[in-house]
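**Q** The structure follows.
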Amino acid sequence: MKDELKNLNDYLFKLNFKFKIISAKHIPEIEQEIKQLYIEKKITKTIYRYVSKYYQFNIPKNVLNERYIIIVAIPQKTSIVNFKIEGKKFDFIIPPTYIYKANQDRIYKILLNIFKDSKKINYAHTPKKLIAVRSGLSKYGRNNISYVEGMGSFNRLESYYIDFPLNIDNWDEESIMEECRKCSLCLNACPNNCIRENEFVIKADHCLTYYNENLNDFPDWVDVKSHNSLVGCMVCQNVCPINKKYKKNKEKILSFSEKESEIIIQGLEKNILPLNLNKKLKSINMDEYLPVLSRNIRVLM
């Protein structure tokens with residue numbers, strides 16, 4: 001496997017991607033770590049259920065010692081999409097991490113080209129941020145976001161199960177950026193006060209990202225002026241000194257006509273959208289957030 005790992009390292013290095021490998025035997029530990037946050041009341045029952053539903057921890061025990069997880073960090077820019085509404089043009093931000101499908105497929109093809117067996121390469125629905133930190137690929141910021149050297153928080157994490165005898169396990173204690181210990185910029189900037197002063201686990205149930213990704217009405221205490229992105233939130237990342245040189249990396253990626261914008265604002269379901277519009281939304285992975293786009297656009301206007 002030495003040759004395969006060298007090829008993987010060389011290939012990803014050329015793309016400015018970074019990666020680490022851990023043993024899948026740590027999956028139960030990861031699951032327990034998240035459960036412990038709930039037990040210690042650092043996350044609410046609602047958030048715990050939300051997270052538990054999203055991730056998959058049911059890896060058969062008999063293969064835990066035979067599988068590995070490759071976690072990859074991909075540098076990403078802030079994306080800008082343009083809408084035309086009632087004759088006016090609006091530029092809305094999509095934060096890094098939300099547009100992922102192309103790179104997800106790209107990494108899979110790289111792994112397949114190197115390891116040559118599709119049956120032994122599978123996408124891993126795991127807590128990527130936690131794995132990245134425990135593997136040493138990244139460090140936590142005070143805002144509980146994953147920071148990768150040379151990328152800041154402007155990165156996308158992807159993970160895959162690899163069923164080969166790699167004999168590598170970059171598993172260690174969680175680490176926090178030293179710069180955060182005496183810095184409180186993100187804490188003071190957060191519009192919903194979800195970042196804690198003496199605890200690096202945020203109050204996720206207060207995070208603007210949580211609310212604008214879900215259909216429930218915004219609580220009364222959410223200031224309408226705090227909305228800043230089509231989905232997600234960029235406030236804590238934009239004020240972070242570590243991100244100073246990365247936050248400038250923005251690109252306009254797509255424009256929607258007035259007719260297309262109107263259809264999106266109407267809140268139509270995916271199965272009755274015009275085919276071309278559905279494809280455009282899918283190309284930037286916003287089809288997954290279609291139910292909330294209409295509401296989010298209205299508060300941003």
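The values are calculated or read from the model by the stated rules, or taken from the named source; none is laboratory data. From a predicted model like this one, the values you see are computed outputs, not experimental measurements. Positions of Cβ are generated from backbone atoms using ideal geometry, with glycine treated the same way; all protein chains shown enter the neighbour counts.
**Q** If we keep just the residues of the stretch 207-240 that are touching a residue at least 60 places away in the same chain (Cβ under 8 Å) and more than 20 Å from the chain's Cα centre (by Cα), which is nearest to PHE92 (Cα to Cα)? Don't jump to the end; show me each part of the working.
**A** First pass over the stretch 207-240, keeping only residues touching a residue at least 60 places away in the same chain (Cβ under 8 Å): 210, 212-215, 218, 224, 227-234, 236-237, 240.
Add one more test, that the residue is more than 20 Å from the chain's Cα centre (by Cα), and what stays is 218, 224.
Numbers: PHE218: 19, VAL224: 15 Å.
Ranking the qualifying residues of the stretch 207-240, first place goes to VAL224.
**Q** Name the residue that is nearest to VAL72 (Cα to Cα), counting only residues in the stretch 150-207 that are in contact with a strand residue (DSSP E or B) (Cβ under 6 Å, 6 or more places away or on another chain) and among the charged types (D, E, K, R).
**A** It comes out as GLU158.
**Q** Take the stretch 214-227 and flag every residue that is of a type outside the set (Gly, Ala, Ser) and either in a helix (DSSP H, G or I) or surrounded by fewer than 18 Cβ atoms within 10 Å (Cβ to Cβ) (or both). Show your work before the answer.
**A** Restricting attention to the stretch 214-227, the residues satisfying the condition of being of a type outside the set (Gly, Ala, Ser) are 214-225, 227.
Of everything in the stretch 214-227, those that are of a type outside the set (Gly, Ala, Ser) and either in a helix (DSSP H, G or I) or surrounded by fewer than 18 Cβ atoms within 10 Å (Cβ to Cβ) (or both) turn out to be ASN214, LEU215, ASN216, ASP217, PHE218, PRO219, ASP220, TRP221, VAL222, ASP223, VAL224, LYS225.
**Q** Has the stretch 242-256 got any residue that is farther than 21 Å from GLY141 by Cα, within 17 Å of the chain's Cα centre (by Cα) and in a helix (DSSP H, G or I)?
**A** No, the conditions are met nowhere in the stretch 242-256.
**Q** Which residue pairs have Cβ atoms under 7 Å apart, sit 6 or more places apart or on different chains, and have a first residue in the stretch 286-297 that is without any contact (Cβ under 8 Å) to a residue 12 or more places away in the chain and assigned to a helix (DSSP H, G or I) and a second that is of a type outside the set (S, T, N, Q) and surrounded by fewer than 19 Cβ atoms within 10 Å (Cβ to Cβ)?
**A** Going by the 7 Å Cβ cut-off, there are no qualifying pairs.
**Q** Of all residues in the stretch 102-143 being touching a residue at least 12 places away in the same chain (Cβ under 8 Å) and of a type in the set (Gly, Ala, Ser), which is nearest to ARG67 (Cα to Cα)?
**A** Selected residue: ALA124.
**Q** Another question, then. I'm checking my understanding of the structure. Among residues of the stretch 197-211 that are out of contact with any helix residue (DSSP H, G or I) (no Cβ under 7 Å at 6 or more places or on another chain) and modelled with pLDDT of 90 or more, which one is surrounded by the most Cβ atoms within 10 Å (Cβ to Cβ)? First the steps, then the outcome.
**A** Start the filter on the stretch 197-211 by keeping residues that are out of contact with any helix residue (DSSP H, G or I) (no Cβ under 7 Å at 6 or more places or on another chain), which leaves 198-200, 202-203, 206-207, 209, 211.
Checking the rest, the ones that are also modelled with pLDDT of 90 or more come to 202-203, 206-207, 209, 211.
Working: ILE202: 24, LYS203: 19, HIS206: 18, CYS207: 22, THR209: 18, TYR211: 20.
It comes out as ILE202.
**Q** For the stretch 181-195, enumerate the residues that are of a type outside the set (Val, Ile, Thr) and either surrounded by fewer than 16 Cβ atoms within 10 Å (Cβ to Cβ) or touching a residue at least 40 places away in the same chain (Cβ under 8 Å) (or both). Lay out the reasoning, then the answer.
**A** Of the residues in the stretch 181-195, the ones of a type outside the set (Val, Ile, Thr) are 181-194.
Answer for the stretch 181-195, where residues must be of a type outside the set (Val, Ile, Thr) and either surrounded by fewer than 16 Cβ atoms within 10 Å (Cβ to Cβ) or touching a residue at least 40 places away in the same chain (Cβ under 8 Å) (or both): ARG181, LYS182, CYS183, SER184, LEU185, CYS186, LEU187, ASN188, ALA189, CYS190, PRO191, ASN193.
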